[in-house]
Structures are given as structure tokens and as C-alpha cells.
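Remarks on the structure that follows.
The values are calculated or read from the model by the stated rules, or taken from the named source; none is laboratory data. As the structure is a prediction and not an experimental result, all values here were calculated from the model. Positions of Cβ are generated from backbone atoms using ideal geometry, with glycine treated the same way; all protein chains shown enter the neighbour counts. Ligands, DNA and RNA are stripped out before the accessible areas are found, and what is left, the full protein with its side chains, is counted by its heavy atoms. Shrake-Rupley method; radii C 1.70, N 1.55, O 1.52, S 1.80 Å.
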Amino acid sequence: MSIDDKYLNLLKNEKNLLAFSHGSDSSALFFMLLEQNIEFDLALINYKTRLNSDIEEQSAKELAKKYNKKIYIKIAPKIEKNFEANARVVRYEFF
């Protein structure tokens, strides 16, 4: 997997923010950006919906520290209903 050249040129000329969940997609993109020497920081929202949420947050902090990246973290308020729509609002406000 690689990043298309037209996007590489855009990314290399800017400071970027990676929305990071510590899932396979955002983790793969993390390492692809590193490999291409693209400047970026991380943003993670912890919705605390899974048992591993706090473990993933801590692991993301360690990954950021290891690679000298800033990480911005938001702890989302508990979402009682209509999770997807309300989580989207949290993301939009955070980013």
C-alpha cells in the first residue's frame, strides 16, 4: 500500500493531524506517514465504550512519545443514545 504522489506533495508541504483510533487503518497510516517523512501529530478521542479504550489511549501516548509526535486527546462525554450522530458532533468539535 502506498500514498498517491499527488497527495504526497500536499502532505509533505504541510503539518498534518492524523485522527488516530489505534485501529489497523489509522495505525497503518501512521507508519506510512513516518516512512514518507511527512510531519504529523495525532488526535485521539476516547469514547470509553470498550474495555480496551483506556489501554489503547495509553498505547497511543507511548507510540507518540516513541516517535516524537504530539498527541491531542479528548475524553468524550458518555453518549447514551444515537451514538454515531453524537460521536460525530464530538469529533467535529474536537477537530
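Do the alpha carbons of any pairs in Lys6/Lys61; Lys15/Lys78; Lys6/Lys66; Lys48/Lys70; Lys15/Lys65 sit beyond 27 Å of each other, and which pairs? Walk me through the numbers on the way to the answer.
Numbers: Lys6/Lys61 30 Å; Lys15/Lys78 31 Å; Lys6/Lys66 29 Å; Lys48/Lys70 21 Å; Lys15/Lys65 18 Å.
The pairs that break the limit, which is 27 Å between Cα atoms, are Lys6/Lys61; Lys15/Lys78; Lys6/Lys66.
Can you list the HN-Hα couplings for segment 36-46, worked out from phi with the Karplus curve (6.51, -1.76, 1.60; θ = phi - 60°), rounded to whole Hz and with x for Gly and Pro?
Result, rounded to whole Hz: 8, 6, 8, 6, 7, 10, 10, 10, 10, 10, 9.
D for segment 56-95, whole µm²/s, Stokes-Einstein with Kirkwood Rh over alpha-carbon pairs at 37 °C and 0.692 mPa s: what number? Walk me through the intermediate numbers first.
Details: Rh = 11.7 Å.
The calculation lands on 280 µm²/s.
Before rounding to the nearest 500, sum -39500 (n - 2.57) across all DSSP H runs of length at least 4 in the chain and divide by the residue total; then give [θ] at 222 nm in deg cm²/dmol. Can you show the working numbers first?
Details: 4 runs with 46 residues, N = 95.
After summing the helix terms and dividing by residue count, I get -15000 deg cm²/dmol.
Considering the options Leu11, Phe40, Gln58, tell which one lies farthest towards the positive end of the dipole of the chain, charges being +1 on Lys and Arg and -1 on Asp and Glu at the Cβ, about the Cα centre.
Sorting the options by dipole projection puts first Gln58.
Quick check for me: using +1 on Lys/Arg Cβ and -1 on Asp/Glu Cβ, what's the dipole size of segment 14-73 about its Cα centre, in debye to the nearest 20? Numbers along the way, then the final one.
Working: 8 positive and 9 negative charges, 39 e Å.
Using Cβ point charges on Lys, Arg, Asp and Glu, segment 14-73 gives about 180 debye.
Can you match Rg and Dmax of the Cα atoms in Å to one of these, (i) 15.1, 44; (ii) 14.4, 43; (iii) 13.6, 39, based on a calculation from the structure here?
(ii)
Counting only trypsin sites (Lys or Arg not before Pro) that sit in a DSSP loop (anything but H, G, I, E, B) with at most 12 other Cβ atoms within 10 Å, what is the longest stretch of the chain containing none of them? Kindly include the intermediate steps, with their values, before the conclusion.
Working: sites that count: Lys15, Arg50, Lys70, Lys78, Lys81.
Within the chain, the longest run free of exposed trypsin sites (Lys or Arg not before Pro) spans 16-49.
How much of the accessible area of the chain, in percent, comes from carbon and sulfur atoms when a 1.4 Å probe is used?
Of all accessible area on the chain, carbon and sulfur atoms account for 50 percent.
Amide H of His22: which non-local residues (sequence gap of 5 or more, or other chain) have their own amide H closer than 5 Å, using H built in the peptide plane?
Those lying under 5 Å, H to H, from His22 are Ser27.
Determine how large the accessible area of Leu8 is when every protein chain is in place; take a 1.4 Å probe and give Å² rounded to the nearest 10.
Per-residue accessible area (Leu8): approximately 20 Å².
Given a cut-off of under 8 Å on Cα pairs at least six residues apart, what relative contact order in percent is computed for segment 1-89?
On the way: 86 pairs, mean separation 22.9, N = 89.
26 percent.
Per residue, what accessible area does the chain have, given a 1.4 Å probe and all protein chains present, in Å²?
73
In sequence order, what are the phi-derived ³J(HN,Hα) couplings for segment 71-81 according to the Karplus relation 6.51 cos²θ - 1.76 cosθ + 1.60 with θ = phi - 60°, rounded to whole Hz, with x for glycine and proline?
Going residue by residue, I get 10, 9, 10, 10, 8, 6, x, 4, 9, 7, 8 Hz, with x marking Gly and Pro.
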